[in-house]
Each structure stands twice: as C-alpha cells, then as structure tokens.
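Input: a single structure, listed below in structure tokens.
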Amino acid sequence: MSMIDTEAFLRDLHELRKIGQFRTGVHRPTFSPQDMESRHWLIDRLTACGLQASIDGIGNVYGRHKGSGPHLLCGSHIESQNEAGWLDGALGVLAAVALARAGLPVDVCAFADEEGHFDGGFLGSRSIIGELSEDEIDRSRNRTDGTPLRDALRTAGLDGRPRMRLEAGRHKGFFEMHIEQGTQLEQGNLRIGVVTGIVAIWQWRLKVQGQQDHAGGTTMQERKDAGLTAVRLLAAIDAEFPRIAGERSTWTTGRITLDPGAPNIIPGTAEILFQFRDVSMPALERMEATLRALVREANRRERCTVSLVAVSKAIPALCDPAMMQALSAAAEQLVSDGWQMMPSGAGHDAQNIARHMPAAMLFVPSIGGISHHWAEDTSDADLALGIQVLDNAARRFLAV
Ligand code: HGY
Ligand code: MN
Ligand code: MN
C-alpha cells in the first residue's frame, strides 16, 4: 500500500522551481548563489522528513535515514544547465524526499555538479565513491568563466569541509528517477521507462592554432585561418562517424569559439568543445580512434595545427537486473500497457553509483522531448504516476 503524499511531492517540485527561476525553467549553475540557496532549502526539507541532513566539501547534500536497515539510496542532482529545465535532476532528488517522507528506509542524496559546470563533471557522485582526487579538484576550472573549482568552493563556504563517502554495505541499491530528455515515451504514447543502461559521455577540447591577421590584406594563399580548419575538421568527423559509430551513438559540438572573433580579422585560434556518447565501450573506443585519426589528417593537410585534449571520459553502466525487475513489476501493476524498457541517451549520477552498489533508473516523459532548455516540462499526472511506480518498486526491492 503506497503511503506517498503525491501533493507534497508536487508542492516540493514547484517550490524548488522558484529558486533561480528563469522563464518557465531555472538557472542554477553549480555553486552559484541560487544553487547554494537550493542546497540549503533541500537541507531544511530533509530535516523536516526526519533525516539527518548534511552538506559536504564538494557540495553533496545528504539526508541519512536514522532507523535500521536495510537501506536504499535515492537521489540525483539539483543544479541545472544554464537557463534550463526545472525537472532535470530536481525530480530525482524530490522523489527521494517523497519516499523518505512516506517512511521508507531511504537515504537521500543530491550529488554536486552532475551537469559538468566544472571540468571532469559528475564531481559529487565521483567524490562519494572515492573517484575524485584533491589534485583533480585543484586542476578543475568552470567551463563558462574559467573560475578555479577551489575558488568556487571557497565562495560557496564549502572549503575545508570533509568530503563524505558512501558507507560500504549500508545500501541494497540506488534508485534514480529522471525525466527521459527525449521523445521515445511520448511518441510511443507511454508513461514510464525502465532504464536498461546509461551512456558514457566522452568530452574533448580541440584547439586550432592559426595566425591572426588582416582579413583583407592577407591573401587567400598565405592565410592560416583557424576557423576554416575547425569547420573542415568538424565536417570530416560528421562524414566519418556514421560509418564507425554505434546504432545509438551521438556526437555533438556544443561550442566553437573563434579568437578574436571580429569580422575583419582572420581568427588566429579556434576552440571546439566536442563530445560523443554510447553505452558500448567498443563504440566509444572506435569513435576516439577515428577522432584521433582525423586530427592527425588535419595536421597533415591544414596550414593550422590542431591539438586534442580529453576533458573527461565517463564509464557506461548497465542497470541492475533485480532492480529493473522491481521497476518493471511496479510499472506492469500501475500502468500495464504504458511502459517500456529503454536505454538512457543522457548521462546520470547512477552510472557512477553503479560502480559501488546495484543501481537502476526510472524515466517519465518529457513533453516534446525537450530538455537542457527552460521549456522542459512533464505533466503533473506523469510526475505523480512516476513517484507511485518508484514507491512500489522500492518496496518490492526492499522485500527481495
Ligand atoms: O548531459 C547529460 O547527459 C546530463 O544531462 N548532464
Ligand atoms: Mn540530469
Ligand atoms: Mn542534465
């Protein structure tokens, strides 16, 4: 029998939405004042649910169940991409709060910087499983303004705090509820997705070095145009990748910066932020080998030089069969013709926690598949069904 207070769950979501509100979404970059406001708001919520709440030295907000086990861990992230959606991450954290409020033996965690505002990404979920070194924190910079992570932690009042670690053997498994961030559920007229696997994101920084010069006086024969080399290289990637990539691989150029960026100056340098994703390691390795070969070829043919740096290489994860079974049985009971098994094209904290305990994810539909955009949305009815399925699955899995 579900004890979930759906109204309180939806109220929490709409209240958190007001912190850092941007149009119909939110703007809560990691460690920004509005992000820290949301973390302190969450601490109050966790305390109100009877959990022992804390925030650690990398910004993880944790609510520890005070009763006896066996325990589950449940959560996600509450920072957002810039000017983005109100549900990406927040949904999973407040779903965990709803389970705790219903009396389940659940620890709740909002992992810091899942959205990768700082080099390396997934800072919180990698830190909590012991995979984030002090040296990496020293080296990490903000991807938008270059602020050192150490400075951001100090400004947020987190410097010097210890970073927490998950207690070995405390949790039976980790559940993360999330929006789909795609159109499969909506197009299939489905309301629940049971996630089978989570892609790894491999992030790259390419630097093209040409020669800044006059756009008129420099002839076409003698110029070293970093912008043109960048564009030709990206076109070569897009021509070659479909031949070698996996069926569900994706690759994206999120940013091209030309310097100095004036119409009458030949760009001397270009910087490209490029990433590719897949759930299969062989597919990821093929894309890396192809990318390196295309960079070598550009350095043979172009007048500019191209350097390639790996910013981060996450590890893909398969979801736990017993936890998927609990989610599937719950979905079958509550929405028998409205659910499917499916992979995640997005990365999630669950893929890191999966290296420490069994992990599984539950998706609810994204209207129009929109995400990483302020127009991201999901109906209250789908949110309410999702939390009921999660509650049912958590109780089933605890009873196993
Ligand atoms: O980009 C991702 O897959 C995640 O939403 N940060
Ligand atoms: Mn997310
Ligand atoms: Mn996201």
Go through the stretch 340-385 and count every residue that is over 28 Å from SER312 (Cβ atoms) and acidic (Asp, Glu).
3
Taking the stretch 66-99, which residues are closer than 27 Å to ARG396 by Cβ, surrounded by fewer than 24 Cβ atoms within 10 Å (Cβ to Cβ) and either modelled with pLDDT of 95 or more or not assigned by TED's automatic domain parsing to the domain that holds LEU16 (or both)?
LYS66, HIS71
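Please verify whether PHE31 is crowded, with 23+ Cβ neighbours inside 10 Å and in a loop (DSSP other than H, G, I, E, B), treating the condition exactly as stated.
Working: crowded, with 23+ Cβ neighbours inside 10 Å: yes; in a loop (DSSP other than H, G, I, E, B): yes.
Judged against the criteria, PHE31 is a match.
Within the stretch 167-181, how many residues turn out to be within 16 Å of ligand 3 (Cβ to nearest atom) and not polar (S, T, N, Q)? Quick ask: steps written out before the conclusion?
Filtering the stretch 167-181 down to residues within 16 Å of ligand 3 (Cβ to nearest atom) leaves 176-181.
So of that shortlist, the ones also not polar (S, T, N, Q) come out as 176-180.
Adding up the residues that qualify gives 5.
Which one of these is under 30 Å from GLY216 (Cα atoms), touching a residue at least 12 places away in the same chain (Cβ under 8 Å), surrounded by 20 or more Cβ atoms within 10 Å (Cβ to Cβ) and assigned by TED's automatic domain parsing to the domain that holds GLN221: ILE265, ILE272? First the steps, then the outcome.
Values: ILE265 fails: surrounded by 20 or more Cβ atoms within 10 Å (Cβ to Cβ).
After applying the criteria, what remains is ILE272.
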Any chance the stretch 192-214 includes a residue that's open to solvent by less than 20 Å² (accessible area, probe 1.4 Å), in a loop (DSSP other than H, G, I, E, B) and aliphatic (A, V, I, L, M)?
yes
Only one of these conditions is not met by THR378: (1) within 14 Å of ligand 2 (Cβ to nearest atom); (2) part of a loop (DSSP other than H, G, I, E, B); (3) within 27 Å of HIS71 (Cα to Cα). Which number is it?
(3)
Long-range neighbours under 9 Å by Cβ, at least six apart or interchain, first residue of a type in the set (Ser, Thr, Tyr) within the stretch 213-234, second surrounded by fewer than 20 Cβ atoms within 10 Å (Cβ to Cβ) and in a loop (DSSP other than H, G, I, E, B):
THR218/GLN211; THR229/GLU302; THR229/ARG303
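Just the residues that are free of Cβ contacts under 8 Å to residues at least 12 places away in the same chain and more than 18 Å from GLU167 (Cα to Cα), please, taken from the stretch 48-80.
First, the residues of the stretch 48-80 that are free of Cβ contacts under 8 Å to residues at least 12 places away in the same chain: 48, 53.
Answer for the stretch 48-80, where residues must be free of Cβ contacts under 8 Å to residues at least 12 places away in the same chain and more than 18 Å from GLU167 (Cα to Cα): just ALA48.
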Where in the stretch 284-368 are there strands (runs of 3 or more DSSP E), lying fully within it, with 2 or more residues that are more than 16 Å from ligand 1 (Cβ to nearest atom) and exposed (fewer than 15 other Cβ atoms within 10 Å of the Cβ)?
305-313
Report, by residue number, each residue of the stretch 156-189 that is within 16 Å of ligand 1 (Cβ to nearest atom) and either closer than 19 Å to PHE111 by Cβ or hydroxyl-bearing (Ser, Thr, Tyr) (or both).
GLU176, MET177, HIS178, ILE179, GLN181, THR183
Here is a list: SER76, SER68. Which entry is among the polar types (S, T, N, Q) and either within 13 Å of ligand 3 (Cβ to nearest atom) or on the phi > 0 side of the Ramachandran plot (or both)?
SER76
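The values are calculated or read from the model by the stated rules, or taken from the named source; none is laboratory data. Only a predicted model underlies this, so the values are computations on that prediction, with no experimental measurement involved. All Cβ positions, even for glycine, are placed from backbone atoms using ideal geometry, and neighbour counts span all protein chains on display. In case anyone asks, the SASA skips ligands and DNA or RNA and just uses the protein heavy atoms, side chains included. Shrake-Rupley method; radii C 1.70, N 1.55, O 1.52, S 1.80 Å.
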